[in-house]
Amino acid sequence: MVKYTDTGIVSVILEQYSGKRALLLAPLVSGRKGHYKDLFETLVRKGFQQVRVDGRVYDLLSLSPLDRYKPHFIELVIDKVIPDDSSGKRLSESVMSALHHGKGSLSLLLADSGEIRHFSKNLMCPVSGLSFPEPAPYTFSFNSPQGACPRCKGLGMVSKADLSKIIPDMELSIGAGGIKPVGEMRNTLLFRQMEGIAKKYGFSVHDPVKDIPEDALNLILFGSDELIRITGNSSGGGSTSQMVSFGGVISMIEQGPDDGEELSQKRERFVQEVVCPLCNGSRLKEEALGFKIDGLNIAQVSAMEMDQLQLWLAAVEEKLDKRQAMIARDVLKELRERTNFLIEVGLEYLSLDRSTRSLSGGESQRIRLATQIGSKLVNVLYILDEPSIGLHQRDNRKLIDSLKRLRDEGNSIMVVEHDQEMITSADWLVDMGPGAGEKGGRVLFSGEPSVIDQMTPSEIQSLGSYTIDYIKEVRRIETPSQRRPGNGKVLELKGAKGNNLKNIDLKIPLGCFIGVSGVSGSGKSSLVNETLMPILSRHFYRSLMDPLPYDSINGINNVDKLIEIDQTPIGRTPRSNPATYTNVFTEIRKLYGETQDAKIRGFKAGRFSFNIKGGRCEECKGAGVQVIEMNFLPAVNVLCKSCNGKRYLPDTLAVKYRGKSINDVLEMTISQAMRFFENVPAIFPKLKALDEVGLGYVKLGQSSTTLSGGESQRVKLATELARYSTGNSLYILDEPTTGLHFEDVRVLLEVLQRLVDQGNTVIIIEHNLDVLRSVDYLVDMGRRVAPRVEPLLPQEPRSR
Ligand SMILES: [Zn+2]
Ligand SMILES: [Zn+2]
C-alpha cells in the first residue's frame, strides 16, 4: 500500500520516466455500468478532447454511446507529456489537474510499452491502482458497514438458487408447475407477467419448459429491465393493460421473505447457502483485504489455526523495519499472549474466524477461561461445569495445568467433573452419591485426595463411592478378552476431503465395534458425522443432508439401516418423557383402559392420556405444572393448584391397577415400574431396556426437558434395544460417554457390546480410554495425517 504527495508524484515521474512519451490520465469511472452520455458531453464542453474507455483511447467527438449494461472503465486524457527537467512546470500543472479530475488519483500510460503506473494521494494498491480510504479499526470489522462485504453484509455466506430444484422436470409446462417455486397456474400478477413474456417471445405457458426460447427462460429466471405488457381485468369488467419489468423468479427466491408468503415459505427448499462469491467467505470488503502484513491480509491471518498463528506472529516481527516494529510492539505482545493462552487451554486447532455458533460448550468455556488467565485477577472463585467435555486426554492435561496456574495466581477453582485426571489433580475432593437421582444426595467424602491414598481397599469400599472405587481401581471396566473379527463384509469410503480431511480412504469392517479416536479438531466429526452419516441417511431415508465431498462409497448394501443416536433432547416440551418416547405409555394406557374400574366408568385408553382432552386436568393441560412467564426472567414452573400436580381429573385417578393410579405410575422410577409391570409382556421389556442402560433412577413421567444429553441418548438407545433388530444395522454414536460416570460408562459399554453380539455394527466417536480399549477396531485420526484403521489385539489382562 502506497500514498503520494503532489510533488512526490511529479518527482517520481521525472526520475523514472524521463524522455518517455506518456499520457497523463485521470480515472473517472471504474467498473460501473451506464452509457455515460452526459459525462462525455460535459467533458466536451470543458474543452477536453480524448478519453480512454476500457483500455482504448477515443476522440470525445467521435465516440459512440457505450453499452449501458456493461461495466466500464473511463479515464480522461489530461495531457501528452515527455517528462524531462525542462517540462517540469507543465508536468506539475498537468499532474495537479489530473489529481483534481481523478479525485486524488492519476495514471501514467507509457505510449511505447503500454505500461501503466498508478499514483494516488490516497492509500492505493500500486498494482491494481485501486485506491483506499484511510484505514481505521472498523475497516477490518465485518460487523461494521464500513468493513463488511457489501454482497453478504459480512456473513460470509449468501443464498443461491439451485436451478435443478427450481426446474426439476423440463417436460412440464409453466402452467403445470414446471417452475416449482411458483407452483401451478393461478390468476396472480406473477402468472400474468409470465403470460406477457410468453406472448412477447412467441411461446405458450402450456409448452414444456424445454421448448421455451433460451432468452425468455433467462428473463423468467433472472429478470431484466425489459418492459413486458401485461393484461388483467379491471374492476369495471373491461381489460387493463400496463407495461412492467420483471425481476425474475430467482431474485424473488434469493431475496427472501418480503416477496409473497408462499414463496418465502418454500424459499429454503430452493436455495443453498454458499460461500459469498464476492468476498470468498472472508466477510470483508475488497478494500479491507488490500491491506497486508507480511503478504497476508486479515482474512488469511484469521484463518490460521492457533499454533500456525503463533509461529507467524513470532516470525513477522523480524520482517518489520525499525519504525514498523516500534508501532507494532505492543500489539504483537498482546496478540502473542492471547494466542498462547488459547493454546494452553488446548484450543490450538481453532482459527480466529471460527464462528462461535460452531463451538462446543466445552470450547466456549475454555475460551472464556483463556481470557481469565490473561486478566491477572486474584481472589476470584471460578466455578466450572465439566470443562473437560470433548477434550482429548492430552489437551485435558493442558487444561488442568492452566487451572493450576489460575490457582497459583491467588484464585479458587471449583470444578464439577467426572474426569479421573481432573479429580486426582484436585487439592480438595467432594464426592456426592452414592447413586443417581433419588439414590444420591449425600456427601460421601470431603477432604484431600491424599487421605484416600492411605486407605486400605476395604476402607475405600466402606465409603460406598463408585467414583473412588474406580479411581483406586477397586472396581474397573474390564477390557474384553477377545476381539471380534467381523462378518467379513466391509463399508468403504474413498476420497473424503471435506473440511480438513486430506483425501482419505476409510474401510470399516462390519459386525464389529469400531472406535474413532483423535484429538479435538482432527476431523472425526467431519469424517463420520458430516461425510459418512449424510451419505447413509440419503441412501436409507432420502434425507436432504449434504455430505462433505468424497469420491465413492462401496458396500452400502451390506447394511440394512442406519441408526444415529445422539445427545439431542428426546422432546422439547415438558409433556414428553421417557414413557412417551419409548411408547411404553401407550401400552400402559391400554392396560388401564382394560381394568374393571375403567370398564364400569366407560373409560377407554384415551382417557388416560395427558396429551388430549378427556381425562386430564384442563387447568394445566395434563402437565401437572403451570408455567408462569416472568418478564425478562426465565419462566417459572409451579405445581398446578387445580390437580395438585396429579395431571388428571379425580375420576380418572380413581381407576386403579393393582392399587395404583395412572399418575402413581408416572411418578414411579423406571426400576420401580419395571418390577410393578413384571408380568405384563407388552410393557416389561421396554422398561427393562431403559433400566439396562442405567436409567433406573429416572421417573417414568419425568419431563424430557430435565434430562441431560447423556440421559436422552440412553433413552434412545433403550428404545432401539427394545425394538426388533435385523441384526444388520449400523449404529453411530458421537461421544456417548460425555457427562457419564465411570459406572454409567460400564453399563453403556455392556449395552453396545450386546448390540454388536446380535450382528450389528457400532461406530463410536470417543475420547474415553475405557471405551477405546473395548472396541474391536480403532480408527485413529491425526490432525495432519491420514487415519490408521487397525484391529486391536487381545490384550493381556492389566496387572496390578
Ligand atoms: Zn461477502
Ligand atoms: Zn392440573
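The values are calculated or read from the model by the stated rules, or taken from the named source; none is laboratory data. Worth saying up front: this structure is predicted, and the values here are computed from it rather than measured. We place every Cβ from the backbone using ideal geometry, glycine too, and count neighbours over all the protein chains shown. Surface accessibility is based on the protein's heavy atoms, side chains included, excluding ligands, DNA and RNA. Shrake-Rupley method; radii C 1.70, N 1.55, O 1.52, S 1.80 Å.
Specify whether the C-alpha gyration tensor of region 412-489 places it in the rounded, prolate or oblate class, a ≥ b ≥ c being the square roots of the eigenvalues: rounded for a/c under 1.5, otherwise prolate if a/b is larger than b/c and oblate if not. It comes out prolate by the Cα gyration axes. Simple spin-label estimate for Tyr541 and Val2 gives 6.1 nm between the two label positions (7 Å along the Cα-to-Cβ direction from each Cα).
Could you pull out every one of the aspartates and glutamates with an alpha carbon less than 18 Å from that of Lys37, ignoring same-chain neighbours closer than 8 positions? List returned: Asp54, Asp59, Asp67, Glu75.
Projected onto their three principal axes, the Cα atoms of region 292-412 cover extents of 45, 31, 23 Å, largest first. Accessible surface of Phe270, taken over heavy atoms with a 1.4 Å probe and every protein chain present, rounds to 10 Å². Straight-distance candidates among the aspartates and glutamates for linking to Lys3, with alpha-carbon spacing under 12 Å and chain neighbours fewer than 8 residues away dropped: Glu134. Counting only the Cα atoms, region 608-752 fills a convex hull of 153 Å³ per residue. Calculated accessible area for the chain comes out at 53 Å² per residue, all protein chains present (probe 1.4 Å; ligands, DNA, RNA ignored). Carbon-plus-sulfur accessible fraction, the chain (probe radius 1.4 Å, protein heavy atoms only): 51%.
Peptides 73-83, 447-457, 515-525 ranked from most to least packed give 515-525, 73-83, 447-457, packing being the mean of other C-beta atoms within 10 angstrom over each peptide's residues. Radius of gyration over Kirkwood radius for the chain, both on Cα atoms: the Rg/Rh ratio is 1.07. Annotation: lysines with alpha-carbon distance below 18 angstrom to Lys497 (same-chain offsets under eight excluded): Lys507, Lys524. For the chain, hydrophobic long helices are taken as DSSP H runs at least 30 Å long by C-alpha position along their axis with mean Kyte-Doolittle hydropathy of -1.0 or more; these are 322-344.
Take every Cα pair under 8 Å whose residues are at least 6 apart in sequence, average their separation, divide by the length of the chain, and the relative contact order is 9 percent.
Centre-to-centre, using Cα atoms only, region 167-236 and region 439-503 are separated by 65 Å.
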